[in-house]
Amino acid sequence: MQEIFKSIKRSAKRIHKAINFEDFGYCETKNCSGEKQLKLDVLSDNIIEEELSKVQSVKVLASEEKEKPIEVNESGKYLIGYDPLDGSSLVDVNLSVGSIFGIYENSFNGKDLVASAYVVYGPRVELVIASIKVERYVLRDNEFMFLEEISLNEKGKLNAPGGTQKEWFSFHKELIESLFKEGYRLRYSGGMVPDLHQILIKGGGLFSYPGAKDRPKGKLRKVFEVFPFANVFEKAGGYAIDDNGKRLLELNVNDMHETTPCFFGSKYEIDRVKEYYKEKDAKRA
Ligand code: AHG
Ligand code: MN
Ligand code: MN
């Protein structure tokens, strides 16, 4: 596993350079979720594939940017699902973006995720690894230095509501409004990595990407985005559930690019989600 983290660190340094110096325009291609690909999406994907396939313990690599997983080492033990450049549509406006990694054994189902990590490319480059604990590192003089352990409080102050408000179901709107009425402050950049990182570092809050009228299954992908962050939140003492109140890490995967409604937060906010979503099916009808 340590070799995997070293390889993630090497990838992060190379992607950081690419973001700073390479062309950030679009390619002609779309990925299998039908999204336009940035040249940097493809470049970051290639960097990660090159680095992780060198690690003998890695058997399979699955990328958000590729339709199918690829086998890289027959005798390897781990399966890695990754989003090479999350929030890449924010690169042109110079907001923070990230890379997300889920490390799995046997299958890409939530229960088989054994560790995860993400990198934030912001004014600083930071790496968070959730293995037994959740550890935060910062890139200094080309090395990742340990900063602190991350743990969530029982209740936070931030509210990061994803999706298009016009398409929200009434119970979701009520949930979000109730938190604002309690004094929660809006924090949403449109990049899940910096948005979730902010909630983790500031001690708590809620990040939601709900199922809505236009996207009943939400937008965020289980294998590449949702499961890795669910692990980070749970290991930091928080919670990560779907719209049925089920732990995200108990969900299975039928299609590699499948999405799910998702809620990440500390105890208080996740209890509020459960309360407002209790009778959702009756209310949706
Ligand atoms: P990606 O750039 O990998 O396609 O993912 C972007 C994701 C995520 O970072 C963010 O939370 C969400 O898309 C934003 O979606 P909206 O534009 O619908 O808010
Ligand atoms: Mn993404
Ligand atoms: Mn992406």
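The values are calculated or read from the model by the stated rules, or taken from the named source; none is laboratory data. As the structure is a prediction and not an experimental result, all values here were calculated from the model. So basically every Cβ, Gly included, is an ideal-geometry build from the backbone, and we count neighbours across all protein chains shown. Heads up: the accessible areas ignore ligands, DNA and RNA and are worked out on the full protein's heavy atoms, side chains in. Shrake-Rupley method; radii C 1.70, N 1.55, O 1.52, S 1.80 Å.
Counting protein heavy atoms only, region 50-110 has 43 percent of its accessible area on carbon and sulfur, 1.4 angstrom probe.
Hey, which lysines would be in cross-link range of LYS77, C-alpha to C-alpha under 19 Å, not counting anything within fewer than 8 residues on its own chain? Answer for LYS77, where 19 Å is the Cα cut-off: LYS6, LYS54, LYS59, LYS68, LYS111, listed by chain and number. Rounded to the nearest angstrom and listed largest first, the equivalent-ellipsoid semi-axes of region 96-193 from its Cα gyration tensor are 29, 19, 14. Here the Kirkwood formula puts the hydrodynamic radius of region 2-149 at 15.6 Å, using every distinct Cα pair. Modelled this way, with points 7 Å down the Cα-to-C-beta line, the labels at LYS36 and LYS17 are 2.9 nm from one another. Under 5 Å from the amide H of ARG221 lie the amide H atoms of VAL226, each residue being 5 or more positions distant or on a separate chain, with H modelled from the backbone and absent for Pro and chain starts. The residues of region 158-284 expose, per residue, 40 Å² of accessible area to a 1.4 Å probe.
Among LYS219/LYS283; LYS17/LYS217; LYS13/LYS235; LYS66/LYS274; LYS13/LYS202, which pairs are too far apart, with a Cα-Cα distance over 31 Å?
Over 31 Å apart, Cα to Cα: LYS17/LYS217; LYS66/LYS274.
Rounded to the nearest Hz, the phi-derived 3J(HN,Hα) couplings of region 111-125 under the Karplus curve 6.51 cos²θ - 1.76 cosθ + 1.60 (θ = phi - 60°) are 5, 8, 6, 9, 6, 8, 7, 9, 10, 10, 9, x, x, 10, 9, where x marks glycine and proline.
Shape summary: region 156-285 maps onto an equivalent ellipsoid whose semi-axes, from the alpha-carbon gyration tensor, are 19, 19, 13 Å in decreasing order. Label separation (GLU154 vs GLN56): 4.9 nm, computed from points 7 Å beyond Cα along the C-beta direction. With viscosity set to 0.692 mPa s at 37 °C, what whole-number translational diffusion coefficient in µm²/s follows for region 96-152 from Stokes-Einstein and a Kirkwood radius over Cα pairs? Taking Rh from Cα pairs, D becomes 268 µm²/s. Placing R0 at 45 angstrom, the Cβ-Cβ distance between LEU186 and GLU71 gives a FRET efficiency of 0.55 after rounding to 0.05.
Full extension of the chain between SER178 and LEU147 yields a length gain of 7.7 nm, computed as 0.36 nm times the residue separation minus the alpha carbon distance.
Scattering from the chain was approximated by placing one identical point on each alpha carbon and applying the Debye formula without solvent; log10 I(q)/I(0) at 0.09, 0.13, 0.16 1/Å stands at -0.39, -0.84, -1.29. In degrees between 0 and 90, to the nearest 10, how far off the longest principal axis of the chain does helix 39-52 point, with axes built from Cα atoms? Once rounded, the angle reads 60 degrees. Accessible surface of region 158-284, 1.4 Å probe: 45 percent of it comes from carbon and sulfur atoms.
A simple spin-label model places pseudo-atoms 7 Å from Cα toward Cβ; at ASN252 and SER107 they are separated by 0.5 nm.
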